[in-house]
1. Please specify each residue of the stretch 73-88 satisfying the condition of being within 16 Å of residue 55 (Cα to Cα), part of a loop (DSSP other than H, G, I, E, B) and open to solvent by less than 50 Å² (accessible area, probe 1.4 Å).
2. Looking at (1) among the hydrophobic types (A, V, I, L, M, F, W, C); (2) within 30 Å of residue 10 (Cβ to Cβ); (3) surrounded by fewer than 11 Cβ atoms within 10 Å (Cβ to Cβ), find the lone condition where residue 185 falls short.
3. Residue 44 fails exactly one of the following numbered conditions: (1) surrounded by 14 or more Cβ atoms within 10 Å (Cβ to Cβ); (2) farther than 11 Å from residue 83 by Cβ; (3) among the hydroxyl-bearing types (Ser, Thr, Tyr); (4) out of contact with any Gly (no Cβ under 9 Å at 6 or more places or on another chain). What is the number of that condition?
4. Just to be sure before I move on: is residue 64 out of contact with any Phe, Trp or Tyr (no Cβ under 8 Å at 6 or more places or on another chain) and surrounded by fewer than 16 Cβ atoms within 10 Å (Cβ to Cβ) in the structure I sent?
5. Looking at (1) open to solvent by less than 70 Å² (accessible area, probe 1.4 Å); (2) at pLDDT 95 or above; (3) of a type outside the set (Lys, Arg), which one does residue 115 not meet, given that it meets all the others?
6. Tell me which of these residue 1 doesn't satisfy, since it passes every other one: (1) within 30 Å of residue 124 (Cα to Cα); (2) not in a strand (DSSP E or B).
Amino acid sequence: TNPSVLLSTTQNPTNVSPFTVTAQFSKTVIGVDIGDFVVVGGTTSNFVAVDGDTYTVQVAQTASSITINMAASAATDTVGNPSTVAPQLAVTFDTTNPTAAITYSTPGPYKSGTVVTITATFNEPVKDSPVPQISISGANTLAAANMVKTNSTVYTYLRTVGTGDGTATVAMATAQDLAGNTVTAAPTSGATHTIDNTAPTAAITYSTPGPYKSGDTVTITATFNEPVKDSPVPQLSISGANT
C-alpha cells in the first residue's frame, strides 16, 4: 500500500510570514527532506522531522498567492512503497485591514429615547471571535460594545439615543478578517450622525401692525429657527384677549 500525504497549515488565509506547513503521511516514511516541498510564491526553511509520519517546513511568502506541492515518490514507507501525489495546498497571504460601512435604520437627527439600529457591513468576511465592537464619541457617547452577527459580513447594534447635542462619531474595533487583520477604526461611510435634544423655537410676525379691532384680518407668521416636519402640523393658540 502506497503511503498518502496531506499538506496543511493552521491558518489560511494568513497575515503571518513565515508560516508552518505540515506534511502528514498515512504511515511511517523515510527519505523526506526540505527539497520535497515545492513552493511557488514563497521560500522554505527550518525543515523538521517531527516523527516518522509528520514533517514540517517554514514558508516565507514572496507573493500574495502561494502554492505548496509535494510530488509523488517524495518518500517511501519502510518496505519501499513510494508516496502518492499530495493534494496541492493553496495559501493566501493577506495583510490588508478590513473596513466597514455604517448605515442606520432611520435617518437622523436623533433625540433622546430614539431607538435606531446601526449596521456595520464589512468589505470581507470577519471572524466570530473576537466579536466586532462599535463605539461612539462626541455627542451622546458609547463605550466599546459588542455587535450582533447577521452573517459573516454584517453586524448590527441596537442603540437607544441619550442626552447630548451635536455630532456623534462612530468607530469600529476588534473585528478581524480571516487572515487576522484588525478592522480600520474609521468607517468608510456613515461615520457620523447628529444628536439634537434642543427644542426648536419660533419668531412670530404680523402682516400689519396692531392694535386690531373686531373684523380685522391679519396673517400671523411663525418663522422657526430650523426645519420642522410636515406632520404633526404646527399649531398656534392665543390666550388672553380674543382667545
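1. Hits for the stretch 73-88 are 74, 75, 83, 86.
2. Going through the list (1) among the hydrophobic types (A, V, I, L, M, F, W, C); (2) within 30 Å of residue 10 (Cβ to Cβ); (3) surrounded by fewer than 11 Cβ atoms within 10 Å (Cβ to Cβ), residue 185 breaks only (3).
3. Of everything listed in (1) surrounded by 14 or more Cβ atoms within 10 Å (Cβ to Cβ); (2) farther than 11 Å from residue 83 by Cβ; (3) among the hydroxyl-bearing types (Ser, Thr, Tyr); (4) out of contact with any Gly (no Cβ under 9 Å at 6 or more places or on another chain), residue 44 misses just condition (4).
4. Details: out of contact with any Phe, Trp or Tyr (no Cβ under 8 Å at 6 or more places or on another chain): no; surrounded by fewer than 16 Cβ atoms within 10 Å (Cβ to Cβ): yes.
No; evaluated as a whole, the condition is false for this residue.
5. In the conditions (1) open to solvent by less than 70 Å² (accessible area, probe 1.4 Å); (2) at pLDDT 95 or above; (3) of a type outside the set (Lys, Arg), residue 115 misses (1) alone.
6. Condition (1) is where residue 1 drops out.
Per-residue answers, yes or no, for (1) touching a Lys or Arg at 6+ places or on another chain (Cβ under 7 Å); (2) in a loop (DSSP other than H, G, I, E, B); (3) open to solvent by less than 80 Å² (accessible area, probe 1.4 Å):
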{"residue": "156", "(1), (2), (3)": "no, no, yes"}
{"residue": "162", "(1), (2), (3)": "no, yes, yes"}
{"residue": "208", "(1), (2), (3)": "no, yes, yes"}
{"residue": "213", "(1), (2), (3)": "no, yes, no"}
{"residue": "217", "(1), (2), (3)": "no, yes, no"}
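The values are calculated or read from the model by the stated rules, or taken from the named source; none is laboratory data. All figures in this text were calculated on a predicted structure; none of them were measured in a lab. Methodologically, a virtual Cβ is constructed for each residue, glycine included, from the backbone with ideal geometry; neighbour enumeration extends over all protein chains shown. To get the accessible areas, we keep the full protein, side chains included, count just its heavy atoms, and leave off ligands, DNA and RNA. Shrake-Rupley method; radii C 1.70, N 1.55, O 1.52, S 1.80 Å.
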